[in-house]
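Presented below is the structure to which this report refers.
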Amino acid sequence: MEPITPGDSQRIVAAYLEMLEAHAAADVYPASVRDLPHPKQIIRNAFEISMRTLAGTDQLTPELRDYLEIAYVSLADYVDDEVATLLREYAQAGQALAADHRLAREKVTTGAWQRVAEQSRLAGHLARAISTEADQLRSEFRAWQAVGC
């Protein structure tokens with residue numbers, strides 16, 4: 001694989017940011033890793049190069065840094081298709097239960113209740129994995145600050 005140039009990294013990051021903003025506007029969470037304009041690792045490398053370039057040219061304002069950090073950490077929200085589907089279905093079932101104003105004992109026979117009951121442990125595990133990845137991405141991003149970005 002050829003190294004990513006600063007110009008390439010800027011285009012890669014811009015494409016990711018555009019897609020991320022569209023997903024945020026549509027409230028897409030979690031999203032499929034297939035939706036990314038480039039593989040996660042390419043985007044990660046492009047972010048690091050872009051951050052170093054911006055810092056080296058005194059263009060990295062605190063506001064831009066914060067925006068880019070949030071965007072970088074949001075990479076954790078891009079997961080395998082099966083994970084995205086399961087978490088979306090789980091969230092929809094939870095919303096259906098919340099919207100159902102019957103007593104709990106009357107809800108236990110619904111499909112939403114069964115989905116939540118069956119998938120709670122797995123959904124929790126997957127949410128923790130996403131959170132762990134987000135923490136790792138945040139630490140990585142902040143480590144760039146410590147070495148001169």
field: Pairs with Cβ under 7 Å, 6+ apart, first in region 41-69 and over 12 Å from Trp144 (Cα atoms) and touching a residue at least 24 places away in the same chain (Cβ under 8 Å), second of a type in the set (Gly, Ala, Ser) and assigned to a helix (DSSP H, G or I)
entry: Ala46/Ser9
task: Tally the residues that are without any contact (Cβ under 8 Å) to a residue 40 or more places away in the chain, surrounded by 11 or more Cβ atoms within 10 Å (Cβ to Cβ) and among the small types (Gly, Ala, Ser), restricting the search to region 11-39.
output: 4
- prompt: of a type in the set (S, T, N, Q), part of a helix (DSSP H, G or I) and modelled with pLDDT of 90 or more, is that true of Ser139?
  reply: yes
- prompt: In this structure, is Asp66 of a type outside the set (Val, Ile, Thr), modelled with pLDDT of 90 or more and buried (at least 16 other Cβ atoms within 10 Å of the Cβ)?
  reply: no
- prompt: Restricting attention to region 89-105, and to residues there that are of a type outside the set (D, E, K, R) and surrounded by 10 or more Cβ atoms within 10 Å (Cβ to Cβ), which single residue is farthest from Val28 (Cα to Cα)?
  reply: Leu97
task: State whether the residues of region 72-88 include one that is buried (at least 17 other Cβ atoms within 10 Å of the Cβ) and over 21 Å from the mean Cα position of the chain (by Cα).
output: no
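The values are calculated or read from the model by the stated rules, or taken from the named source; none is laboratory data. Fair warning: this is a prediction, and the values are worked out from it, not measured in the lab. Glycine gets a Cβ as well: all are built from the backbone with ideal geometry, and neighbour counts include every protein chain shown.
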